[in-house]
Amino acid sequence: MSSKSLFNRFRGNPILTADNWPYPANAVFNCGATRLRDGSTLLLCRVEDHRGHSHLTAARSSNGFDNWQIDPEPTLPPDMPSHPEEVWGVEDPRIVWIPTLEKYSVTYTAYSHGGPCVALALTQDFRTFERYGVIMPPEDKDAALFPHKVGDNFAMIHRPMARWGGAHIWVSYSPDLRHWGSHKILLAARRGAWWDANKIGLSTPLIETRDGWLMLYHGVRQTASGTLYRWGLALFDLATPEKCLLRGSEWVFGPQAEYERVGDVGGVAFPCGYTIADDGDSISVYYGGADTCVAIASGRISEILAWLKATGSPDCIQSYF
């Protein structure tokens with residue numbers, strides 16, 4: 001199977017745009033996603049206003065594809081003055097259900113004068129939120145919790161930026177979701193002419209499979225006409241997630257459709273969430289197109305894993321330092 005056939009665009013794309021919104025908005029894109037207990041789908045969408053500041057608003061659908069019911073006002077707006085780190089907005093949420101807490105975690109980017117940083121909120125109903133505030137200082141983003149503890153600690157993937165040496169995907173651990181340490185690089189950006197050279201980041205939260213933690217990540221390639229955001233795959237050990245089992249060499253999805261190539265930021269397909277169907281195999285990935293709209297690409301986890309096993313390599317970090 002070709003890597004470019006692993007994900008298929010929904011014919012009804014884009015599924016959400018600013019035109020669908022119940023109040024004025026410039027753009028609607030990068031959304032966290034989850035299936036609720038009643039089987040419906042909730043998207044927590046990044047909504048950019050006409051100032052350029054973002055907030056998060058929930059959209060709900062019984063089938064995850066159409067007939068979206070959108071909250072009439074922002075669901076998770078910046079909280080000033082309690083959280084001044086959000087003065088320029090909140091962006092790019094990732095949603096993970098934490099069984100031991102019986103709550104959803106929402107990791108998102110808080111943006112202010114100090115730069116982008118990772119913030120955390122917990123919720124049971126996406127109506128009220130318990131904000132933990134900043135849990136990783138600037139410059140850091142693209143974060144998601146593991147649904148289960150690793151040993152005695154919570155674990156989180158995130159992407160700090162370094163002035164020198166590129167941007168890589170890290171994992172960190174915490175006993176209480178507030179104090180984080182034991183920081184380690186999980187997946188390194190390649191160097192040179194690779195599609196994922198110099199800058200990578202987590203896309204959706206990890207996907208738990210029998211073969212390991214499946215990671216969908218994005219790579220940023222600089223071209224003469226701008227940047228390209230495309231998707232790659234990696235697999236990590238279930239018990240010891242710092243152990244990378246396989247990494248694909250090719251990108252598997254990139255901006256090709258008009259709604260991915262034309263918009264506020266052209267050449268971007270940026271996923272932040274997914275849902276898995278009742279069969280445990282069919283996956284719907286929700287992504288932002290050109291920082292302007294929300295779209296869906298669907299695939300099968302079994303086929304994704306089969307491709308990764310057939311073509312992947314365990315060389316995930318060592319060759320790039």
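Each reported figure results from applying straightforward, stated rules to the coordinates on display, with no laboratory input. In this text, all values refer to a predicted model and were calculated from it rather than measured experimentally. No Cβ is skipped: glycine too gets one built from the backbone with ideal geometry, and neighbour counts run over all protein chains shown.
Some observations on this one:
- Sequence-distant residues sharing a close amide H with residue 186 (under 5 Å, placed H): 169, 170, 171
- Extension gain, residue 23-residue 101: 0.36 nm per intervening residue step, less the Cα-Cα distance, totals 24.7 nm.
- Rounded to the nearest 20 debye, dipole of segment 267-321 from Cβ charges on Lys, Arg, Asp, Glu: 120
- Restricting the calculation to Cα atoms, segment 1-115 yields a radius of gyration followed by a Dmax of 15.6, 52 Å.
- Relative frequency of Cα-Cα separations exceeding 29 Å in the chain, percent: 30
- Fewest-first sequence of 209, 41, 227 by Cβ atoms within 10 Å of each Cβ: 227, 209, 41
- Residue order, fewest to most surrounding Cβ atoms within 10 angstrom, among 168, 50, 83: 50, 83, 168
- Here's the list of lysines a cross-link from residue 103 could span, going by alpha-carbon distance under 27 Å and ignoring same-chain residues fewer than 8 apart: 141, 149, 184.
- Rounded to the nearest whole Hz, the Karplus-based 3J(HN,Hα) values (6.51 cos²θ - 1.76 cosθ + 1.60, θ = phi - 60°) of segment 252-257 follow the sequence 10, 7, x, x, 10, 5, with x at glycine and proline.
- In plain terms, the chain from residue 193 to residue 49 could stretch by 48.2 nm, reckoned as 0.36 nm per residue minus the Cα-Cα distance.
- Other-chain or far-sequence residues with amide H under 5 Å of residue 213's (modelled H): 236, 237, 238
- Near residue 16, once Lys and Arg are set to +1 and Asp and Glu to -1 for all other residues with Cβ below 14 Å from its Cβ, the sum equals -3.
- Separation in nanometres of the label points that stand 7 Å from Cα toward Cβ, at residue 257 and residue 164: 4.4
- Spacing of the modelled spin labels on residue 5 and residue 225, each 7 Å from Cα toward Cβ, amounts to 2.7 nm.
- Taking amide hydrogens as placed 1.01 Å from N in the peptide plane, the amide H of residue 16 sits under 5 Å from those of 294, each at least 5 positions away in sequence or on another chain.
- Bridge type composition, the chain - antiparallel percent by DSSP, nearest 5: 95
- Highest mean packing comes first when the peptides 233-243, 132-142 are listed by Cβ atoms within 10 Å, giving 132-142, 233-243.
- Euclidean distance between Cα centres, segment 139-172 to segment 65-119, Å: 17
- Restricting the trypsin sites (Lys or Arg not before Pro) of segment 19-59 to loop positions (DSSP other than H, G, I, E, B) with no more than 14 neighbouring Cβ atoms within 10 Å leaves 37, 51.
- Phi angles of segment 14-31 translate, via the Karplus equation with coefficients 6.51, -1.76, 1.60 and θ = phi - 60°, into HN-Hα couplings of x, 8, 9, 9, 4, 5, 7, 7, x, 9, x, 8, 7, 7, 10, 8, 2, 10 Hz per residue; Gly and Pro are given as x.
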